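As structure tokens, the structure follows; a few thoughts come after it.
The values are calculated or read from the model by the stated rules, or taken from the named source; none is laboratory data. In this text the structure is predicted, and so the values were computed from the model without any measurement. Cβ atoms come from the backbone with ideal geometry, glycine included; neighbour counts cover every protein chain shown. With ligands, DNA and RNA removed, areas are computed over all heavy atoms of the protein, side chains included. Shrake-Rupley method; radii C 1.70, N 1.55, O 1.52, S 1.80 Å.
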Amino acid sequence: MKQESHITIHPLAQFAATLQWDDIPPAVQRKAEDLWVDWFGSVLAGQNARPVQSLTRFALSQGPAQGPCEVIGQDTTTSPMMAALANAAAAHVAEQDDVHNGSVFHPAAVVFAPAVAVAQSMGATGAQLMAACVAGYEVGIRVGEFLGRSHYRIFHTTGTAGTLAAAAAVGHLLGLSPVQMQHALGSAGTQAAGLWEFLRTAADSKQLHTAHAAAAGLMAAYLAKDGFTGAQDIFTGPQGLAAGMSTDANPGKLTDGLGTRWATAETSFKWHASCRHTHPAADALLQVMQHNKLRPEDIAQVTCHVHQGAIDVLGPVVSPSSVHQSKFSMGTVLALAAQFGFAGLTQFDAHFQSPATVALREKVHMVLDAEVDAAYPQCWIGKVTVQTTDGRHLQGRVDEPKGDPGNTLSRDEITAKALRLAVYGNPNYATNAPQAVEQLWQVAHWKRVGRLMA
């Protein structure tokens with residue numbers, strides 16, 4: 001394009017367009033593979049959820065009825081955009097997909113879903129797929145960090161930053177030039193969306209956020225490939241993302257250590273099947289109970305010392321009316337953890353409204369803690385004070401919840417988690433999910449990205 005000779009390319013667009021798998025340090029490559037297998041389990045776990053089925057029916061109704069891309073866990077195939085939409089919705093509903101602390105962003109759902117669809121449609125290699133996904137992670141995480149804490153108070157970062165992450169991953173696979181990638185990010189940014197208001201009424205919007213981000217980011221990349229132009233300063237322009245969606249945006253975060261600091265490797269796995277804001281307190285409560293040999297009936301009150309973000313997101317959920325809403329209830333999550341040692345999918349399904357859970361839920365409350373708030377979002381500290389029925393006041397503290405980089409999951413644990421989630425989604429997967437997961441670990445050696453689940 002002649003008019004592009006004067007364009008100043010943003011380093012993030014340059015990076016996303018030119019990254020190669022061999023440029024990525026081996027430890028980061030291995031982490032990307034870990035995140036990939038972890039994502040797959042979440043997709044299978046979520047595919048039969050009512051909101052996901054609704055979004056999938058919509059996607060398939062828009063066609064085509066057959067195409068090169070897999071709706072994972074189904075025999076159905078369709079176009080890249082519709083497969084990305086359906087798979088991204090499925091990946092997020094079980095609340096077991098990954099999270100990056102500093103950006104408060106769930107990259108996997110909005111990066112892997114569109115990237116896999118496009119890779120299947122064009123016959124990309126596994127290494128090309130994984131390089132594109134790392135590009136998506138690095139872009140999305142930095143955009144989330146750039147938008148800051150004020151953004152997250154109102155906006156669901158996975159829906160907003162996730163749109164740009166998806167565009168970066170797909171744009172990389174399409175071979176966009178740096179100029180085209182900049183246009184793709186501009187078009188993605190103008191579509192960025194996702195508001196937290198849905199939590200108050202247990203609405204289904206969270207799955208729409210990931211579905212929209214994946215599909216809109218994919219569209220932005222394909223349009224850029226076709227010469228469609230986007231805003232040249234979508235980040236800091238006078239009517240760009242920072243102006244419209246943040247009061248504490250930090251442009252330096254967009255390029256912080258780009259190419260040397262690998263944000264992908266900082267990403268955490270989720271152990272409990274709930275909002276990540278509940279995990280630090282849940283782990284701290286379990287620590288107190290284990291160290292002091294407490295039973296649930298020994299608990300009179302639990303005070304969770306939390307950051308403001310936890311209050312903003314979890315505070316509106318006082319009396320959860322659905323399984324999904326209960327995953328944003330601090331009291332419910334801690335009640336399940338106290339009873340079962342783990343707040344997992346089956347525990348939520350069977351017990352989120354049981355009398356024992358409700359009784360424990362009412363004993364939990366949150367208070368803002370200056371130390372925890374100052375550390376957030378880089379560190380998610382778990383602090384609880386437990387008052388026992390015999391009058392003791394016990395303190396618990398966890399600086400790195402299970403799944404954080406300093407307390408990460410082993411490959412055996414990731415495999416076990418993925419298989420557990422697969423069988424939760426469909427008991428029949430007990431026979432073929434192990435083989436599928438075994439193949440997923442070899443993704444970097446694939447000559448062509450085909451179906452993930454036979």
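Solvent-accessible surface (1.4 Å probe) assigned to ARG420 amounts to roughly 100 Å². For ALA300, the residues whose modelled amide H falls within less than 5 Å of its own, excluding neighbours fewer than 5 places apart on the same chain, are GLN387, THR388, THR389. Let me know the shape class of the range 221-275, please: from the alpha-carbon gyration tensor, a ≥ b ≥ c as square roots of the eigenvalues, rounded when a/c is under 1.5, otherwise prolate if a/b is greater than b/c, or oblate. It comes out prolate by the Cα gyration axes.
Net charge in the neighbourhood of ALA416 (other residues with Cβ under 15 Å of its Cβ; Lys, Arg +1, Asp, Glu -1) is 0. With every protein chain in place and a 1.4 angstrom probe, the accessible-area ranking of HIS156, HIS365, largest first, reads HIS365, HIS156. Applying D = kT/(6 pi eta Rh) to the range 205-302, where Rh is the Kirkwood radius over alpha-carbon pairs, T corresponds to 25 °C and eta to 0.890 mPa s, the Stokes-Einstein value obtained is 132 µm²/s.
Among 84-92, 436-444, the peptide with the highest mean count of other Cβ atoms within 10 Å heads the list, and the full ranking is 84-92, 436-444. Among residues other than LEU254 with Cβ under 12 Å from its Cβ, the summed charge is -2 (Lys and Arg +1, Asp and Glu -1). Under a 5 Å amide H cut-off, with hydrogens placed 1.01 Å from N, TRP446 pairs with GLY126, ALA127 among residues at least 5 apart or on other chains.
Each residue of the range 25-36 was assigned a 3J(HN,Hα) from its phi angle through the Karplus curve 6.51 cos²θ - 1.76 cosθ + 1.60 (θ = phi - 60°); the sequence is x, x, 5, 6, 4, 5, 5, 4, 5, 4, 5, 4 Hz, with glycine and proline shown as x. Here the range 288-430 is treated as a sphere whose radius is the Kirkwood value from Cα pairs; by Stokes-Einstein at 37 °C and 0.692 mPa s it diffuses with a coefficient of 200 µm²/s.
Identify, among ALA166, SER187, LEU129, the residue whose Cα sits farthest towards the positive end of the charge dipole of the range 69-187, taking +1 on the Cβ of Lys and Arg and -1 on the Cβ of Asp and Glu, with the dipole about the Cα centre. The residue sitting most towards the positive pole is SER187. Each residue of the range 311-324 was assigned a 3J(HN,Hα) from its phi angle through the Karplus curve 6.51 cos²θ - 1.76 cosθ + 1.60 (θ = phi - 60°); the sequence is 5, 4, 7, 8, x, x, 8, 8, 9, x, 10, 9, 4, 5 Hz, with glycine and proline shown as x. ALA284: net charge of surrounding residues, Cβ under 9 Å, Lys/Arg +1, Asp/Glu -1, itself excluded? Computed value for this residue: +1. The DSSP beta bridges internal to the chain are antiparallel in roughly 75% of cases.
Only lysines eight or more places from LYS417 in sequence, or on another chain, were considered; those with a Cα closer than 23 Å are LYS31, LYS206, LYS270, LYS327, LYS402. Per 10 Å bin, what is the whole-percent P(r) computed from every C-alpha pair distance within the range 149-245? So the P(r) values, bin by bin, are 19, 46, 27, 8, 0.
Pairwise inverse Cα distances across the range 90-142, averaged and inverted, put the Kirkwood hydrodynamic radius at 11.6 Å. By the Stokes-Einstein formula, at 1.567 mPa s and 4 °C, the range 269-363 with its Kirkwood radius over alpha-carbon pairs has D equal to 100 µm²/s. Using the Karplus relation 6.51 cos²θ - 1.76 cosθ + 1.60 with θ = phi - 60°, the per-residue 3J(HN,Hα) values for the range 66-74 come to 9, x, x, 10, 8, 8, 4, x, 10 Hz, with x marking Gly and Pro. Size descriptors for the range 382-443: radius of gyration and Dmax over Cα atoms are 18.5, 55 Å. Scaling the Cα radius of gyration of the chain by the globular reference 2.2 N^0.38 Å produces a ratio of 0.94. Heavy-atom accessible area for ASP412, with the other protein chains in place and a 1.4 Å probe, reaches approximately 120 Å². If you sort HIS351, HIS151 by accessible surface, 1.4 Å probe, largest first, the order is HIS351, HIS151. Looking at the range 1-128, I'd like the Rg to Rh ratio, where Rg is from alpha-carbon atoms and Rh is Kirkwood's inverse mean 1/r. With Rh from the inverse mean 1/r over Cα pairs, Rg/Rh is 1.03.
The accessible-area ordering, largest first, of the residues PHE155, PHE228 stands as PHE228, PHE155, per a 1.4 angstrom probe.
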